[in-house]
Amino acid sequence: MEYPITQDAGLEARDDRLVTDSARTDRPTPDVDVVVVGAGIAGLYLAYRLSRAGHRLRVFEAGDDLGGTWYWNRYPGARVDVPSIDYMYSFDPNWQRDWQWSEKYATQPEILRYLNHIADKHDLRRHITFSTRVRQAGWDDGASLWRVRTDGGDDVSARFVVMATGCLSMPKQAEVDGLESFTGEVYFTSRWPHDPVDFTGKRVAVIGTGSSGVQSIPVIAEEAREVVVFQRTPTFSIPARNGQVSPERLALFAANEADYRSAARMSPGGIPMERSITPTFSVSEAERQQRYERAWGIGELFEAINVYADVLSNPAANHEFAEFFRNKIRAIVDDPQTASDLCPTDYPVATKRPCLDTNYYATYNLPHVRLVNVRKHPIRQITETGIDTAHEAFTFDAIVFATGFDAVTGAITAVDITGRDDAALKDKWADGPQTYLGLTTAGFPNLFLITGPGSPSVLSNMAVSIEQHVDWVLDCLGHLRAHGFAAIEPTATAEAGWTQHVNDCADITLFPAANSWYMGANVPGKPRVFLPYPAGVDFYRATCDEVVARDYLGFKLSGPEGSMCNDGLVRRLQPDVEMILIQMAAMNLPTLDSMPVDEARAFYAQMSTTRPPGPDVGEIVDGVLPGATGDLAYRLYRPPTPGPHAIVVFFHGGGWVVGDAVSDDPLCRDLCVRSDAIVISADYRHAPEHRFPAAVDDAMAAVRWVADNAEALGGMPGRLAVCGWSAGGNLAAVVSRLTRDAGGPHIVGQVLLTPPTDGDLTRASYVENADGYGLTTALAQWCYDHYIDPADRRDPRFAPLCAGDLSGLPPAIVVTAEFDPLRDEGKAYAAALDAASVPVEHVRARGHTHQSLTMVDVALSGAPVRARIANALRGFFLPTRTPETAA
Ligand code: N01
C-alpha cells in the first residue's frame, strides 16, 4: 500500500537554508551530531565524510588502534580475498600518487598500513577515541537524541548513532569443554597477538577450516613440528594464484578509473563483472568443464561463483560445479581418506563462503600435517596437555581457534541499544534481524547500520558496500538538515516489506540449504535467518536510490515543525519476476495486440522456444482426439512412476486466440511430475476464426473423450480433474459446471490458474495493473474482443461468475496473482465458490504476474505455488473424492 506524502501543517521544504538543530528548537543541543561506533574501513570513511560535511562527530573504537577487522585478524597468512585494487576506497582518485599495492591479494599488514595511510593523509585520527568500547546507546525520545555510554566513562549525547561495527568482528565462543585447563598456548585467529608468534618446533592444533583456518594452516605448517587440523565441515576453496597486481586490471585503471569504479558499483558483487545469464545446462559438458577450469585458474572468488547463472539456484547445476571442486581436491591430496574427508558433500557449493587459498589442500600431503574429521571423531574435551577426541588423546604445545564469528548481527547486539519506549534492539531481533534496507530499523530513530543485516555486505566487496552506505547516510543527513527535520525512522510497513523481500530473495537460492554463518547457523541459539541481501549490489544500490527519489519512501521524517511520511513498499514484485520484467522491457518486444492474429500466433510460438524445457517426465505421447467439430491435437504427459495414474485434462492459456496443446509444455511437465498424474493438454479451436462458444464445446468434447478412454490412456477411471491457465483456466471452470449440469463425466477437482471469470474491465485490478506486468489491460481486451461479442459476456459459458448456482461444483484451487489485471475476478470467483459451499483453496500469489507462475525454472518463486497446486490435485484424487466412494 502506498500513501501520498503527507506534510503536517506549517511545514515547508527549506532546501534554501541550512538550519542547525539548536537554532530551531528549544530541545537540548547534543554534545555532537554523530557518534560513530568503530574505526574500521567504515568508521574511517564516516569520519572523512562527516567531518568534511561539517558535522560534529566522535568515533569510538574498542581497539588500541584503527583498522577494525584488519587490526584484529593478524593471524599468519591473513589476506584479503578480493583483489587489493578493488578492496580500497574510491573517494581518493589520486591514490596512486602515494600508494601502491604490492600484491594481487594484499596481506593483513599491508591493508592495515593502507588504512593508517588514509587516516594520516586525511587527518582522521583526531576524531577517534581508541581503547574505548561503546557499551550502551539509548534513544531519548523527549530530547530526540541518543545518549551513548562507553566503558571509558564517556557519556555523550548525539543526534545520530552510526554502527560501523563490522560484520565479522564479534568472535564466536570456543564451544569446547576444558579450555581453561590447557597449559599450552591458546590463540584465536580473530584476536591474534601483536607480538610475533613462533611455532617453530611446536605441536599445533588448529580448530576450524573456514577462511581463517584455510589461510593460516599452510603458513603454520611451514614452522610447526606437527599440525593437526580439527575439521567439522570441509570447505570449498580455490587457489588464490596470488602474485603481482594483474596488468589487465591496472590497464583498466589507467584507461579510466572513474569508469572502473562506477562499473564496480553497478556490478553484482562490487567488482566490475558482468552477471552471468547463461544457465549451466544450456551449454555442452565440454564447454562447462572448460569454464570450470578457467574459474579455477583465475583465482578470483566472485568470478568463480558467477561461472553460470544458476549455480546458486539450480541444485543439479550446483552439484556439477561442486563435483568439479571435489575432483580437484581428490587430485591434489595424496591420501584417499584425507581427500575424502576434505570433500564437502552436505551443502551446495558457495552457500557457505568459499575460500581462496595458497597451498591449502597440498599442505595435507606434508608428513607432519594431519586431518581429524570431527564429525567422525568428535572432540570430547580440551585437557591440560592437548585435545581428547572420542578415539584418541592428542598432545599439543598450542591450540589455534579459527572458529569464526557471530556474524553480521553479533557486533550490533553486543551494544545495549534501546530505542523508543526503552525497547531493546536485542529483544526486537530475538527471532532474527528486521531492518529497512539493512540500514535502519523501526523504533530506533536516527540509528544507522553500516552494512547491516538485509544489505549485500558480506556477499559483496565490502569496500564498495561500505562506501555506498556511508554515502547514503551522508545524503540523508544533508536532506534532513536542509528540510528542517531532526529525526528519521523507517515505518513498520516498509521494514516488514524489506524483511520479506530479503527472505524472498534468499528463498529462490540454495543459500538456506547450508548451515552457514550467513544463516546464523554457526552460533548455538541464533535464529536461523538469512542475514545478507543476496540480489546483488547493483539492484540494491538502485533500490536505495529509488527510496530517496520517492521522497524517502518508507521513512518517517520528523522535526520540531512537523513530520512527513511517504509510506509504502519499495519492492513488491518477487525478485526473480522483477528481474524478468526488467529483461523483457529491455528487449522492447512488440505486444501481441499490436499484431495481426497470425503474426501474434507465430510470435507466441517463437517465444516459447526460448524457455527452459521443464522437468523430464516418464513419457510424452502426441495424439488427436475428437473435438466438437473435428480432430484436435493433444499431448499426454505420463509420470515416471508405475501407473495407472489419475488424469488431469489441461487447457492452455493464450486468450482463446494464441497457443496450442504444447504451448504450456514446461508447466504441464511440472504439474505431471509434482502431482504424479497424467496430464493431457487438449487443444481447442481458437478465435477469431472460431468464436465463443467453440472453445467451450471442444473443451467439453475433450473431457468426455478422456473420461471414456481413461483406462486405455493409462489412467484410473473416475480420477479425473481439470486444470487450466488464463483462458484455459476459464475453460476449466466452465467445463466443471457444464459437466455437473450434464450429470457427467465426474470431475473430482478443478485447478484455475489466473482465470478470467467475467472479463469485467472496470475491476480495480485492470486499472492498477493495466501496464507493465506482461498481460496488459489492452491485451486482455484484444483477447475478449476476438473471442466473444460484448452481448454474450454474461453467458456463464464465458463468465462462470455469472452462473446462478455454483453449488455442487468440484472442489477447486483458484490461484490469483497480485500484479494481474485478472486478479480481482479470480478472487471474486473463489469467494463465490466458497459462498456456494464448494471446497475452495484460494492461493494469492504475492508478487507474481499473470504469466510468472507458469515460468518453470525461470521464475523460481512460482515453484511453491505450483507445489500447492500439485498438493491440491493429490487431494482431489484421494479415494474419498472419487465417485464410487462418494456414493
Ligand atoms: O570463520 P568460519 P572464519 N568445533 O565461520 C569451525 C571472512 N574472512 O573466521 O562450519 C569444531 O568461516 C567451523 O565449522 P562449521 C570470510 O567471509 C575472510 O574462517 O561451523 N569446529 C568452521 O570450519 C569468512 O567466511 C578472509 O561446522 C568448529 C570454522 O570453525 C568469514 O570471515 C579471511 C567449532 C569457522 O569458519 C569467517 O571466516 C578470514 C567447534 N566448536 C575470514 N566452531 C579473507 O580471505 C566452529 N568451528 C579475506
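With coordinates expressed along the principal axes, the C-alpha atoms belonging to the stretch 34-148 extend over 53, 31, 21 Å, beginning with the largest. Net charge dipole, the chain: roughly 1040 debye, given to the nearest 20, about the Cα centre with Cβ charges of +1 for Lys and Arg and -1 for Asp and Glu. The stretch 609-655 and the stretch 521-543 have Cα centres spaced 41 Å apart.
With a Förster radius of 35 Å applied to the C-beta separation of residue 631 and residue 610, the computed FRET efficiency comes to 0.75. Quick check: net charge around residue 622, other residues with Cβ under 13 Å of its Cβ, Lys/Arg +1 and Asp/Glu -1? Overall, the nearby charge balance is -3.
Any chance you could run the full-extension gain for residue 768 through residue 863? It's 0.36 nm times the residue separation minus the Cα-Cα distance, nm to one decimal. Spell out each step's value before the answer.
Details: separation 95, 0.36 × 95 = 34.20 nm, distance 2.52 nm.
Difference between extended and current length: 31.7 nm.
Straight-line cross-link partners of residue 526 among the lysines, defined as a Cα under 30 Å from its Cα and at least 8 positions apart when in the same chain: 172, 352, 376, 426, 428.
Along its first, second and third principal axes, ordered by size, the stretch 289-355 spans 34, 25, 20 Å in Cα coordinates.
Need one number: the % of Cα-Cα pairs in the stretch 162-310 sitting beyond the 19 Å mark. Write out the running numbers ahead of the final one.
Values: 7740 of 11026 pairs.
In whole percent, the long-distance tail amounts to 70.
Spacing of the modelled spin labels on residue 621 and residue 290, each 7 Å from Cα toward Cβ, amounts to 4.3 nm.
Using only alpha carbon pairs under 8 Å that are at least six residues apart, calculate the relative contact order of the chain and give it in whole percent.
Values: 1856 pairs, mean separation 98.8, N = 887.
Relative contact order for the chain comes out at 11 percent.
Loop-resident GluC sites (Glu not before Pro) (DSSP state other than H, G, I, E or B) in the stretch 281-320 with no more than 16 further Cβ atoms inside 10 Å of their Cβ are absent. For the pair residue 52 and residue 136, label points projected 7 Å from Cα toward Cβ lie 3.7 nm apart. Values of log10 I(q)/I(0) for the stretch 784-887 across q = 0.13, 0.21, 0.24 Å⁻¹ run -0.60, -1.17, -1.25, by the Debye formula with one identical scatterer at each alpha carbon and no solvent.
Regarding the stretch 710-763, what whole-number volume in Å³ per residue does the convex hull of its Cα atoms give? Walk me through the numbers before you get to the answer.
Details: hull volume 4.4 nm³, N = 54.
Spread over its residues, the Cα hull of the stretch 710-763 gives 81 Å³ apiece.
Pairs of C-alpha atoms in the chain farther apart than 54 Å represent 25 percent of all such pairs. A simple packing score, the average count of other Cβ atoms within 10 Å per residue, orders the peptides 462-470, 726-734, 341-349, 78-86 as 726-734, 462-470, 78-86, 341-349, with the highest score first. Every Cα-Cα pair of the stretch 328-387 was included, and the share exceeding 13 Å stands at 70 percent.
Treating each Cα of the stretch 503-606 as one equal point scatterer and applying the Debye formula with no solvent, the log10 of I(q)/I(0) at q = 0.11, 0.14, 0.17 Å⁻¹ comes out as -0.62, -0.83, -0.96. Rg/Rh, computed from the Cα trace of the stretch 307-445 with Rh as the Kirkwood radius, has the value 1.10.
Centre-to-centre separation between the Cα atoms of the stretch 125-155 and those of the stretch 248-297: 43 Å. Listed by chain and number, the aspartates and glutamates placed with their C-alpha closer than 14 angstrom to that of residue 328 are 293, 320, 341, 357; residues fewer than eight positions away on the same chain are left out. Charge tally for residue 379 (other residues, Cβ to Cβ under 14 Å; Lys, Arg +1; Asp, Glu -1): 0.
Two-decimal Rg/Rh of the stretch 658-719 from alpha-carbon positions, Kirkwood Rh? Across the stretch 658-719, the Cα-based Rg/Rh ratio is 1.02.
Around residue 70, with a cut-off of 14 angstrom between Cβ atoms, what is the net charge of the other residues, counting Lys and Arg +1 and Asp and Glu -1? Here the count lands on -1. Mind checking which aspartates and glutamates have their Cα closer than 15 Å to the Cα of residue 556? Skip sequence neighbours fewer than 8 apart in that chain. Leaving aside aspartates and glutamates fewer than 8 places away in the same chain, those within reach of residue 556 are 2, 8, 141, 489, 495, 567. Taking amide H as placed 1.01 Å from N in the peptide plane, the amide H of residue 129 sits under 5 Å from that of 59, 60, 61, each at least 5 places away or on another chain. Divide the volume of the convex hull around the Cα atoms of the stretch 212-286 by the residue count and you get 207 Å³ per residue.
In this simple spin-label approximation, residue 232 and residue 340 carry label points 7 Å from Cα along the Cα→Cβ vector, and these lie 2.4 nm apart. When the Cα centres of the stretch 455-506 and the stretch 771-794 are compared, how far apart do they sit, in Å? That distance is 42 Å.
Given Cα pairs under 8 Å that are at least 6 residues apart, what percent is the relative contact order of the stretch 450-551? Walk me through the numbers before you get to the answer.
Working: 80 pairs, mean separation 38.4, N = 102.
Result for the stretch 450-551 is 38 percent.
Mind ranking 624-632, 409-417, 191-199 by how tightly packed they are, going by the mean number of other C-beta atoms within 10 angstrom, highest first? Write out the running numbers ahead of the final one.
Numbers: 624-632: 15.7, 409-417: 21.1, 191-199: 12.7.
The densest-packed peptide leads the list: 409-417, 624-632, 191-199.
When the alpha carbon coordinates of the stretch 243-390 are projected onto the principal axes, the ranges are 59, 35, 25 Å, largest first. Kirkwood hydrodynamic radius computed over the stretch 84-229 comes to 19.6 Å, based on all pairs of distinct alpha carbons. For the stretch 283-324, just say rounded, prolate or oblate: build the C-alpha gyration tensor, square-root its eigenvalues into a ≥ b ≥ c, call rounded for a/c under 1.5, and beyond that prolate if a/b exceeds b/c, oblate if not. Judged from the Cα gyration tensor, the stretch 283-324 comes out oblate (a/c at least 1.5, b/c at or above a/b).
Here, each number is a calculation from the coordinates, and none is a lab measurement. Quick caveat, the model's predicted, so the values are computed rather than measured. Every residue, glycine as well, gets a Cβ built from its backbone with ideal geometry; the counts of neighbours run over all protein chains shown.
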